[in-house]
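The values are calculated or read from the model by the stated rules, or taken from the named source; none is laboratory data. Bear in mind that the values here come from a model prediction, so they are computed numbers and not experimental data. Cβ: placed from backbone, ideal geometry, glycine included. Neighbour counts: every protein chain shown. For the accessible areas, the whole protein counts, side chains as well, though only heavy atoms, and no ligand, DNA or RNA atoms are used. Shrake-Rupley method; radii C 1.70, N 1.55, O 1.52, S 1.80 Å.
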Amino acid sequence: EAWLAEPDRPPLLMLSGPAGVGKSIAACAAIASQVAGLYATGYELIRPGFDIALARAARVLVVDQLGLEHLGSSTYGHATVEEILDARYASMAATVLCGNLHRPQFEARYGAVVADRFRGGGRWVDLDGASLRGGA
């Protein structure tokens with residue numbers, strides 16, 4: 001929430017780290033629900049029939065599990081991610097991404113246009129630690 005209130009906040013925030021460190025719960029789901037934002041997974045984002053206009057217009061867009069979606073040989077998935085992030089960046093709309101990719105992997109996967117949005121003012125946060133889910 002504090003990130004949303006920053007007067008000069010960057011439009012993009014990426015929370016990166018291993019599974020279970022709290023990216024979704026501590027940041028993404030809470031932000032989306034508290035400010036009437038839109039929460040979607042990377043899988044949903046590239047699924048045919050997903051409402052791209054809604055994702056572009058949401059006050060805050062949270063995309064969880066970005067990097068796990070199957071882009072396949074088609075350019076549809078890649079182009080959809082790029083279109084949504086580029087439009088939201090252009091309008092300075094708050095966008096929070098959560099995923100397990102390290103920055104070089106992210107940039108290789110999503111290309112120069114998306115990577116450039118982070119260089120232009122996005123914030124990348126690497127989280128680390130053990131899974132909060134516990135384990136047996």
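Quick notes on this structure:
- Accessible surface ranking for L66, L54, 1.4 angstrom probe, highest first: L54, L66.
- R0 of 22 Å, Cβ-Cβ distance A112-A53: FRET efficiency to nearest 0.05: 0.30
- Residues of the stretch 75-94 with amide N under 17 Å of the 7 Å Cα→Cβ point at L38: 77-94
- The alpha carbon gyration tensor of the stretch 61-131 gives principal lengths a ≥ b ≥ c with a/c of 1.5 or higher and a/b no greater than b/c, which makes the shape oblate.
- Each residue was assigned an accessible area with a 1.4 Å probe, and for E44 the value is about 70 Å².
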